[in-house]
Every structure is written in C-alpha cells, then in structure tokens.
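The values are calculated or read from the model by the stated rules, or taken from the named source; none is laboratory data. This is a predicted model, so every value here is computed, not measured. When we count neighbours, we look across all protein chains shown, and the Cβ atoms used for this are built from the backbone with ideal geometry, even at glycine.
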Amino acid sequence: MSRLGPYLNPETSSHAILTCNRRVTHFWRLLDPDLHLFLNTDDDDDDDMPVATRAPIAPGGIKSYYQAKIEAAEILINQKTQNLRRLEAQRNALNARVRLLREELQLLHEPGSYVGEVIKVMGKSKVLVKVQPEGKYIVDIDSEIDINALKPTLRVALRSDSYTIHRILPNKVDPLVSLMMVEKVPDSTYEMVGGLDKQIKEIKEVIELPVKHPELFEALGIAQPKGVLLYGPPGTGKTLLARAVAHHTDCKFIRVSGSELVQKYIGEGSRMVRELFVMAREHAPSIIFMDEIDSIGSSRGDSGSGGGDSEVQRTMLELLNQLDGFEPSKNIKVIMATNRIDILDSALLRPGRIDRKIEFPPPGPEARMSLQRGINLRALAEKMGQCSGAEVRGICTEAGMYALRERRQHVTQEDFEFAVAKVMKKNQDSNTSVNKLFS
C-alpha cells in the first residue's frame, strides 16, 4: 500500500479536506483491523498526509498477523483431519457390516441343506455320513472344507442336490439352549388370572389332576390326558394360564415357539423336536408349552410342494410320533396354543394326542370386572367393547401413568376413562370409535 500520497493529500480548500477525510475514514473501515497498524504510505512527502494516516507501524505486525492466520488454519486442518478419520472408521465399519449382510443374504438364497453326521473319513475326498432318516452315504466334500477337520460324530451340512459336504455345523452348541426357556417353577398363580374361571377348571382336570393324583385314573382304569390345546385371540391369557398350572403342579416349564422349530437345514426341525421331549423327560415332571403351534401344525392339504413346506411337514410328523411315543404317566404334559385353530391338521387334534381343546374368547363385562378387583368399574368395563385381557391390563397401566403425572398415589375414575379412550383409540379400526365409548 505504497504511494498513497496523491490519493490522500487534500487540497487547501475546506471542501477538499472534508472529502479527503471521508475517503480516509472509509478506507480504514475497509481494512482489516490488524492491518491498519502497519499501513505504510511510503510517500516522500509525509508532511502533506492527513493525520489519520500517520499511525505508527507496529514492530513485526505483519508477521504476527500471518502467524495467527497460519495457527488458525492448522487448527482447522487438525479438526478436519479428525473428522475425516472418524468418517473413514465409520465407513469401514459399515462396509464390514454390508459384507456380513451380503454373506447372510447369499446363505438365505441357497436351497435347504441336509444335516448329516460324520461316521468315518474314506480316503482324501470321500466321507461316510449318516443322514436321518434316509441312511448312510459316501459323499464328496467341497474344496473349501478341510478333510482333517472332519471327525466322527461331527455334524455337517450336505447340499440337497448332490449330497456334497459344504459346511461344518456346530457340534457342541445345542440350539435348544438358546431357543427354549426352561423355568424350574413359574411364579404365576391362578390368582393372577382373571375372568377365566371356566378355563382354569378345565385345565386343572387335564393337567393338574393327573399330575397330583394319578391314582384316581388308575382306579378308574382310564388313560391320563396327554395334552391340551388353548386357542383364542391374542392377549386372552393363554400363556399366563399355562405358567400358572405349571406353578401349582411344581412342574418344570419348557416354552418353545413353533416358528423356532422351522429350521433352514432339512431334518434339523425334527431333531429339535426329539431333543425337546428328551429334555422334558430329563426335567420330569415337566410341562411343554408350544406357542404358535400353527407354524408347524397347519393342515397338510393346504401346503404347497416347496422344500420349506416339506420340512414343516417333516417337523410335524416328528411331533406326532413324539406325542404317540411317550406315556402320560411319566409326568410329561403338552400344552399347545394357537390363534388359528381352523388351519390345524386334524391328525394333531385327534384324541390320544390332544385330549382337550379350551377356547379363550375375549372377556365379557363380568370377566373384565374380575380383572380389576377392588374397584367398582362396571360401567367402565362395558365401555371397553371387545378388549382382551392384555388390553385391560394395558388400560390399568395407562390409568396408573395418569395418576403419576398428577403426583397422586391412587387412581381415579377419570384416570381410567382417559386410559380407555387412549387404548381403544389405537384399535378404532376394529372396535367402536372413541366418541361412541362415552356417548
């Protein structure tokens, strides 16, 4: 910024001086605050310069200015570098997850495999395996499988088309450990079950009475019931009642979902059914509770011809064999639950396998009143429409939350009305509208 003299040197008139001062003021406003300290006109005639331009030059001013700018740039670069490293780490983690998902997707697209057990290694590329229930075969192995890793009793997966070993399955991990929940004695009682007096009486006759008093059946010369089917809409208390009867009979409670018995590998589901009953015998007296039995017990006439349906039928046939093969006097009882009794196979429901079918309808006003013991809420129960037992419990919980918001330790009628309106509003497509509830 040298040679500013001709621009900043005013003429002798007052108008020229005023104009020059305005120019100088505007010039200082445009400059960086740090730069005005070391402005140098480098003019020979400094005496003619306005006073405003005669600021002393700060020693090392331009150096400190650029040093500050460099430090700020370095800080910004460090921040951007850290952000870049963080984003790269996230990208690597996401790429690894994508690779795993692609591998899982590829496995899901593969056709079902048979499960076999290694008996003996025959040479460098042949293995003798046992496949249930077909028999024994000498099969090949994939190039990715190390033949030295194939030991007797090892479980392997065989391709459905060529019976080639393409995967080694875990031999020590029992899927029942992670899929089935065993409770020594559940903590549920009959007092926790409201509005199901008829169902409690029926399940006592089928499950509790044979376990506690088997001599009564022996004296009459009749066989003990093996199992019972609980059917009805969701949330009507089927699981709760099954846990309660296990509590009052001091039985181990083994719970498994029917969908968990549908496995990818052919023969795996039936093997799990066999091990399920083996576990029940080891923990006798025990109750096997099979929820969602329609997953494997649907009518065979309604199934297609696909490999998945064939495996489901294989699992159901094994279940029928197990129901026929154990003696009810061994203190093993089977309780099944479903929401769709209309699609179950008739072979599963015949006497000798399932001896009693108990319906769990949505509770009526009297039953809903029994779910709210100690509170006179008859009119409110009538407004609940077709609420299930689980929905009534949700209404009670929601009413308690309204009381908590008001910092109260008791629940009022108004709390319950708000709770009914909120819970019923979620189901207004299938139930009556909220406006109708309180009309």
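Structure summary
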item: Selected residue (criterion: modelled with the lowest pLDDT) from residues of segment 382-397 that are surrounded by fewer than 21 Cβ atoms within 10 Å (Cβ to Cβ) and not in a loop (DSSP other than H, G, I, E, B); result: E382
item: Filter result for the condition that a residue is at pLDDT below 75, small (G, A, S) and assigned to a helix (DSSP H, G or I), over G308, G304; result: G308
item: From the options G297, G267, residue that is surrounded by 20 or more Cβ atoms within 10 Å (Cβ to Cβ), in contact with a Gly (Cβ under 9 Å, 6 or more places away or on another chain), modelled with pLDDT under 80 and in the same structural domain as G194 (by TED's automatic domain parsing); result: G267
item: Hey, G374 modelled with pLDDT of 80 or more, outside the structural domain of Y231 (by TED's automatic domain parsing) and either more than 29 Å from the chain's Cα centre (by Cα) or not β-branched (V, I, T) (or both) or not; result: no
item: Number of the exception - V115 against (1) surrounded by fewer than 13 Cβ atoms within 10 Å (Cβ to Cβ); (2) assigned to a strand (DSSP E or B); result: (1)
item: Matching residues in segment 125-148 - criterion: being closer than 18 Å to S162 by Cα and loosely packed, with under 10 Cβ neighbours inside 10 Å; result: P133, G135, S143, E144
item: Among (1) at pLDDT 60 or above; (2) surrounded by 11 or more Cβ atoms within 10 Å (Cβ to Cβ); (3) not in a helix (DSSP H, G or I), the one test that A68 misses; result: (3)
